[in-house]
Amino acid sequence: MDITALVIGLTGGLALFLYGMDKLTESLKVIAGGGLKAALSGMTRGRFRAAFTGALVTAVIQSSSVTTVLVVGFVSAGLLSLAAAVGVIIGANVGTTVTAQIVAFKVTEYGLVLVTIGFAVAFLGKTQRVRHWGQTLLGLGLVFFGMDLMSQATNPLRSYQPFIDAMGRMESPWLAIGAAAGFTALVQSSSATTGVVIVLASQGFITLEAGILLIFGANIGTCVTALIASVGKSRNAVRAALVHVLFNVLGVLLWVAFVEDLAVAVTSISPKATGLLGIERLAAETPRQIANAHTLFNVANTLIFIWFTKPLAWLVSRIVRESSQSASASIEPKYLDPVLLDTPELALDRVRLELGRLGEHTYDMVAASLEITAKGSLAELEALAAQDDDVDALHGAIIAYLGQLSLRNVEQAHTVRISEYMTAANHIENIGDMVETNLVEGGRRRLSESLVISEGTFEHLAGLHERVAEAVFLSLKALNTGDIAAAQQVVEMKSVLNDLLEVTEDHIANRLRASEKNRLELFTLETEMVEYLRRVYYFSKRIAKEVLLAESGGREAA
């Protein structure tokens, strides 16, 4: 037996299989992004709907880790309870069985046909969506072709006694489970393990019982991906990963003593190969039986554990407690998870939520700015200025995330939204800078020069500030929710604000005739405050116009 040819064929086939899965998943995430977001938005209506959603989403994108990250985002945003999140994670395991069902069919010989068609569509497609469908077919073809190469490479092992003996030892439950778990953890893909198991079964190397045990091990090994993804993330991310681990490990422990019973049940529902005996019959029947066992095992576990979503949520909350440490001095992004960068629609949805947080911090600065600038102490001014550090930190994180997203394989519509969100983030950050750099600096000068703004002037400034703060609030609301009416209201406030600006400026000019100490210095300070409020409204109006342009489709047309 040519060991070199066997190793090259097996590893090369596995590499093509993994690359094909990666291309398949990447393209499907782009194609189905909008639909996934809509599906995940309805996860709160009961545990069964949550489990079904988890299965559906994972079946489409073939990535339970992305499903888990999405769930964590909804939990962090307060849109989904941890118990409902448990339901989605439980259902995600059912979605992963689609791969096993596909590869168990005798379709590997058509791998190169799909590669050819997929490449042609991806290369000649006139739109990005069509090209993504081509890449999907190309990825699926590479999966089948990789399977075929592995099958051809392992064919000589049928007469290699040491390998036959090693496969015979896979009847030992913990050895088989451990080997499959280790391999899955190494390649970070339970689909790859499933593919290899089915290849071995198609050569008649393993029995159904051994195949089931190897599938059990793959279910445990895939937990490593979720655990790695949760490192350095929020408590809810760690809890979600722990739910994944508990569900998979407990599910295996529940069934490991009933492998023979599961094999009998699967054999009764799987097609029979008539006219074949011995290893030929084993090779013909076992791949489909293993795929069915994989599906039956995960569906049964889902139906069992779905009744224990709340206890599981309570258990992981007890294991992973809230941190007693004080919050960091510098705010961290809450929604920008790198895992979602390969799913642009969902990544952009996370950016929108992070823009909402950026807007909240900026609005708080604007709302407090006049009172503190005109009457506040130095400590209050410094505290207001320090709030801009949070705004700058979030702004930097959003821009960096959007920059990474723009380098991915995104559609034109996504490119438009990336540009829109970058522009909006810059406008929001400019508003924060206006408060921190200009208004706060004016307050410091007021204190250093012992300037006192009169009550009459403060009332004029307060009326102007109230409308400007309202414009900021409405523009941020429009950005976060797509509220066209709110955006239009901001734009239409221009005439009212111009009147207020004119009245306030006339009042300040008339005050020049008053015989007060430091009258000229006060005039300069009050005029600058009016100008900065004017500038804050300008940036709010720019945000509102961006929303109107995006919602009307004018940006795409341009």
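The values are calculated or read from the model by the stated rules, or taken from the named source; none is laboratory data. Just so it is clear, the model here is predicted, and its values are computed rather than measured. Cβ sites come from the backbone with ideal geometry, for glycine too, and all protein chains shown count toward neighbours. What goes into the accessible areas is simple: the full protein's heavy atoms, side chains included, and nothing from ligands, DNA or RNA. Shrake-Rupley method; radii C 1.70, N 1.55, O 1.52, S 1.80 Å.
Here are a few things to note about the model shown:
- Verdict on residue 362 being over 30 Å from residue 487 (Cβ atoms) and in a helix (DSSP H, G or I): no
- Restricting region 400-430 to residues that are among the β-branched types (Val, Ile, Thr) and over 25 Å from residue 533 (Cβ atoms), the residue that is most open to solvent (accessible area, probe 1.4 Å): 415
- No other residue among 227, 157, 175, 200 is at pLDDT 75 or above, within 29 Å of residue 110 (Cα to Cα) and assigned to a helix (DSSP H, G or I) apart from 200.
- Screening region 187-201 for residues that are open to solvent by 10 Å² or more (accessible area, probe 1.4 Å) and either within 15 Å of residue 22 (Cα to Cα) or free of Cβ contacts under 8 Å to residues at least 60 places away in the same chain (or both) and picking the one that is farthest from the chain's Cα centre (by Cα) gives 200.
The rows are residues; the columns are (1) among the aromatic types (Phe, Trp, Tyr); (2) under 30 Å from residue 26 (Cα atoms); (3) without any contact (Cβ under 8 Å) to a residue 12 or more places away in the chain.
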position	(1), (2), (3)
383	no, no, yes
387	no, no, no
392	no, no, no
402	no, yes, no
410	no, yes, no
418	no, yes, no
427	no, no, no
438	no, no, no
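- When residues of region 497-542 are limited to those that are among the hydroxyl-bearing types (Ser, Thr, Tyr) and either touching an Asp or Glu at 6+ places or on another chain (Cβ under 8 Å) or in contact (Cβ under 8 Å) with a residue 40 or more places away in the chain (or both), the one nearest to residue 446 (Cα to Cα): 527
- Against the list (1) in a loop (DSSP other than H, G, I, E, B); (2) open to solvent by 10 Å² or more (accessible area, probe 1.4 Å), the condition residue 220 fails is (1).
- Pairing residues of region 448-473 that are within 11 Å of residue 537 (Cα to Cα) with residues that are of a type in the set (Gly, Ala, Ser) and surrounded by fewer than 18 Cβ atoms within 10 Å (Cβ to Cβ), at Cβ distances under 6 Å and at least 6 apart in sequence or on separate chains, gives 469/367.
- When residue 44 is tested against (1) open to solvent by 20 Å² or more (accessible area, probe 1.4 Å); (2) over 21 Å from residue 202 (Cβ atoms); (3) in a helix (DSSP H, G or I); (4) modelled with pLDDT under 80, exactly one condition is not met: (3).
- Residue within region 429-439 that is closer than 30 Å to residue 128 by Cβ, assigned to a helix (DSSP H, G or I) and β-branched (Val, Ile, Thr) present: no
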